[in-house]
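Peer 1: The structure's right below; bear with me while I get my questions together.
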DNA sequence: CTCCGAACTGTAAGCGCTCACAACGTCATC
DNA sequence: GATGACGTTGTGAGCGCTTACAGTTCGGAG
């Protein structure tokens, strides 16, 4: 066990007292108030003052102290993006990526920074709950909320503006949320499978403690009624679980001719499992996915799936959150989903 | 395009003025100072006062205002974990995951929150630079620093404590960093391949603007000298790039009998490319990976690779960062790597 | 009974900023 | 020349907290 220390430079101690607004004001030859006005839009600041302040800021290397500002404005200028998932799922599931990208972008337009925190364990959730309510952020985007997770209740109770992605089971009435119309998407897919002549249609659901899990199953049942229970198996959105669930399905109902798999990642696993079992896709068994993520196009055959409007979902979440921050009442938005036909069904 | 609004509850406007320390003090019948002392360790607080304050806090639902606290302590209680990568890589590469998990955990022991920010674009980098230096965090962990990226220089210049993961090319002397001994790891792998009788050993390097990229190539050259340039191809750590690079390698040097692929993910791509080209692994071409990530065990055949000490790396990064925050000089740590023999070589 | 130190508690001075307010020209208007 | 309006500026009062510092109390030693 060698730990070497290549260097230990002679060193510049940290920041020799960082400049404040008073320093800038002194250098510019104006008052603190003028500097502040300049920083906050520059209204009612004369041209000469403005230029002097600009020079002074450059000269001193001044950066606003956000704590001092937040203390008086009562605004943090950032929101939390809370991923309440075991960490490996975060890194496997491309949907988080889409959402993250979208929200970052939309928030940036408002000059608000997004802070991603991963709440993988219960201890994490407690720490994050405390951190978030200590005023660090103006609000929180809760991604992937599971039934029974105490985080949502905690945050809501403390009065923190929250927007949930997906229907927040048990909190539909008092928490803002944006969701894709999972139920309708599922209906579209199952109806499409039926229209192609399939009659024994299995389903690999998502986790049934999330709205995506239950709503897609409901959509399936809307079309098929309370189908043969042997045709229903649950997964957790990972590829491995899709593979395992499909194997189980084949075992319970060897005569099935189509499977609606509630995420593309699981569908990729399903295709692998079917392949292994010697069933051709789509000739022997058709496969329908959900999400229209990248994997839908890279899988062989490419996946017929349901497109989720990630970008609009992100935009709506941010809009709803900022509305809540401004004191508006909770509201909900449901966005349409769309069937995308490819080769697997 | 239907956007429906399922509900718009009558509602509770935001927090009716959240309680301050004075409120707690009043309820508890003590002074603000006592409440503060209680909150900060509870030294010199009598048992009765402590209990009264505890009750008052529970009753009022008081949560400390972090901005006010930070304003006086000059500490934010959080550090940034800056991923300076296009976002898709973030979600593909399991190494980030390991590092994130490790750092979160170690920081949690110090009751410090980790804030993940993704700096995918140059605009992001500017915004994050500003945000980070505005006092939001006490320091930053810079992951995956590329040569020529201005972020590191920016942060350093502003006096923000920074620790880089991997050798910060061009800043080795004045910035703290923790790195695995990439060069030695590469040497171990190439020597192992030679010891197994391989003589035409190709290499798929990482990006050559990162220390991991150049150091592993240097290690390869330490053993083999300035080898045939046809045996050297670069990738970007993604699976797809490993596949492409290997195809190119096979084209340039069809007689090679081993490939050192500088990440497991790329190695998985290499195995696929070899398979497609009709070469057996390891009988026709041996493959060595790097990282010992999960994919090393799931690939068929499982990958002989170099283990990186992620947990220790995380711990050292955090230690170095906290040291810098405390005003210590920059320092560097180099951690040993280890050969893990499996089936691919 | 006095005195001293230890344990505890209250007080007040900020941390760096924003924002209402008052004060100041300066100009056009009466 | 007095008046008011307006653009510009400085001033000061906090935002909610920490932390010296200065009491205060109380027990035990002298």
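Values quoted throughout were computed directly from the atomic coordinates according to the rules given, and no laboratory measurement underlies them. Being a predicted model, the structure only gives us computed values, none of them experimental. So basically every Cβ, Gly included, is an ideal-geometry build from the backbone, and we count neighbours across all protein chains shown.
Peer 1: Students often check this: by mean Cβ neighbours within 10 Å, which of A:311-320, A:178-187, A:227-236 ranks highest, and how do the rest follow?
Peer 2: Values: A:311-320: 21.6, A:178-187: 24.4, A:227-236: 17.9.
Descending packing order for the listed peptides: A:178-187, A:311-320, A:227-236.
Peer 1: Alpha carbon centre of the range A:26-103 versus the range B:88-156: separation in Å?
Peer 2: The two parts, judged by their Cα centres, are 18 Å apart.
Peer 1: May I pose another question? Could you work out how far apart the two model spin labels at residue B:147 and residue B:240 are, taking each label as a point 7 Å from the Cα in the direction of the beta carbon, and quote it in nm?
Peer 2: Each label point is offset 7 Å from its Cα along the Cβ direction, giving 2.5 nm.
Peer 1: Could you work out how far helix A:122-131 tilts from the main Cα principal axis of chain A, as a 0 to 90 degree angle to the nearest 10?
Peer 2: So the inclination is approximately 30 degrees.
Peer 1: Still on this model: Across the residues of A:133-144, average count of Cβ atoms on other protein chains within 10 Å?
Peer 2: So the per-residue partner count for this stretch is 3.
Peer 1: While we're here: Could you state the per residue volume, in Å³, of the convex hull enclosing the Cα atoms of the range B:280-338?
Peer 2: For the range B:280-338, the hull spanned by Cα atoms encloses 75 Å³ per residue.
Peer 1: Related question: Give me the extension gain from residue A:226 to residue A:31: residue separation times 0.36 nm, minus the current Cα-Cα distance, reported in nm with one decimal.
Peer 2: Result: 62.8 nm gained on full extension.
Peer 1: Helix B:239-252 sits at what angle to the longest principal axis of chain B, using alpha carbons and giving 0 to 90 degrees rounded to 10?
Peer 2: With rounding to tens, the tilt is 20 degrees.
Peer 1: Say a label goes 7 Å from Cα toward Cβ at residue B:311 in every copy; what distances in nm does this one have to the rest, shortest first?
Peer 2: 4.3
Peer 1: Between residue A:47 and residue B:47, what is the label-point separation in nm under the 7 Å Cα-to-beta-carbon projection?
Peer 2: 7.4 nm
Peer 1: Under 10 °C and 1.306 mPa s, how fast does the range B:182-307 diffuse according to Stokes-Einstein, given a Kirkwood radius computed over C-alpha pairs? Answer in µm²/s, whole number.
Peer 2: 117 µm²/s
Peer 1: With N denoting the number of residues in the protein assembly as shown, provide Rg(C-alpha) divided by 2.2 N^0.38 Å, to two decimal places.
Peer 2: 1.06
Peer 1: For a quick check: sort A:211, A:31, B:48 by the number of other beta carbons within 10 angstrom, fewest at the front.
Peer 2: Working: A:211 26, A:31 14, B:48 10.
Final ranking by Cβ density, sparse to dense: B:48, A:31, A:211.
Peer 1: Just to confirm the numbers: residue A:73, label point 7 angstrom along the Cα-Cβ line, distances to the other copies in nm, shortest first?
Peer 2: Ordered by increasing distance: 2.4 nm.
Peer 1: How long is the gain from residue A:59 to residue A:108 if the chain were fully straight, where each residue apart is worth 0.36 nm and the alpha carbon distance is subtracted?
Peer 2: Value of the extension gain: 14.9 nm.
Peer 1: I would also like to ask the following. By count of other Cβ within 10 Å, fewest leading, how are B:209, A:255, A:138 ordered?
Peer 2: Taking fewest neighbouring Cβ atoms as first place, the list is A:255, B:209, A:138.
Peer 1: Take every DSSP beta bridge whose two residues both sit in chain B, then give the antiparallel share in percent to the nearest 5.
Peer 2: 10 percent
Peer 1: While we're looking at this one, here's another question. If I fit a long axis through the Cα atoms of helix B:310-325 and take the longest principal axis of the Cα atoms of chain B, what angle between them do I get, 0 to 90°, rounded to 10?
Peer 2: 50 degrees
Peer 1: Using the 7 Å Cα-to-Cβ label point, sort the distances from residue B:110 to its equivalents in the other copies shortest first and give them in nm to one decimal.
Peer 2: So the distances to the same position in the other copies read 3.2 nm.
Peer 1: Quick one: A:294, B:156, fewest Cβ neighbours within 10 Å first, how do they rank?
Peer 2: So the ranking, lowest neighbour count to highest, is A:294, B:156.
Peer 1: Stretch residue A:208-residue A:126 to full length: gain in nm at 0.36 nm per residue minus the Cα-Cα span?
Peer 2: Result for the pair: 27.1 nm of gain on full extension.
Peer 1: With only alpha-carbon atoms in the gyration tensor, what are the semi-axes of the equivalent ellipsoid for chain B, in Å, largest first?
Peer 2: 50, 23, 18
Peer 1: Relative contact order of chain B: what whole-number percent is it, with Cα pairs under 8 angstrom and at least 6 residues apart?
Peer 2: So the answer I get is 15 percent.
Peer 1: Of all DSSP beta bridges in the protein assembly as shown, what percent run antiparallel (nearest 5)?
Peer 2: About 10 percent, rounded to the nearest 5.
Peer 1: Here's something else I'd like to know. For peptide A:255-265, compute the average count of partner chain beta-carbon atoms within 10 Å of each residue's beta-carbon.
Peer 2: Average per residue, whole number: 0.
Peer 1: Per residue of A:124-132, how many C-beta atoms from partner chains lie within 10 Å of its own C-beta, taken as a mean? Mind dumping the intermediate values first?
Peer 2: Values: counts 4, 0, 0, 5, 1, 1, 5, 7, 2.
The mean count of partner-chain Cβ atoms within 10 Å per residue comes to 3.
Peer 1: Do you know the relative contact order of the range A:182-307, to the nearest whole percent, from alpha carbon pairs under 8 angstrom that are 6+ apart?
Peer 2: The value is 24 percent.
Peer 1: Would you calculate the convex hull of the Cα atoms in the range B:21-64 and tell me its volume per residue in Å³?
Peer 2: Looking at the range B:21-64, the number lands at 55 Å³ per residue.
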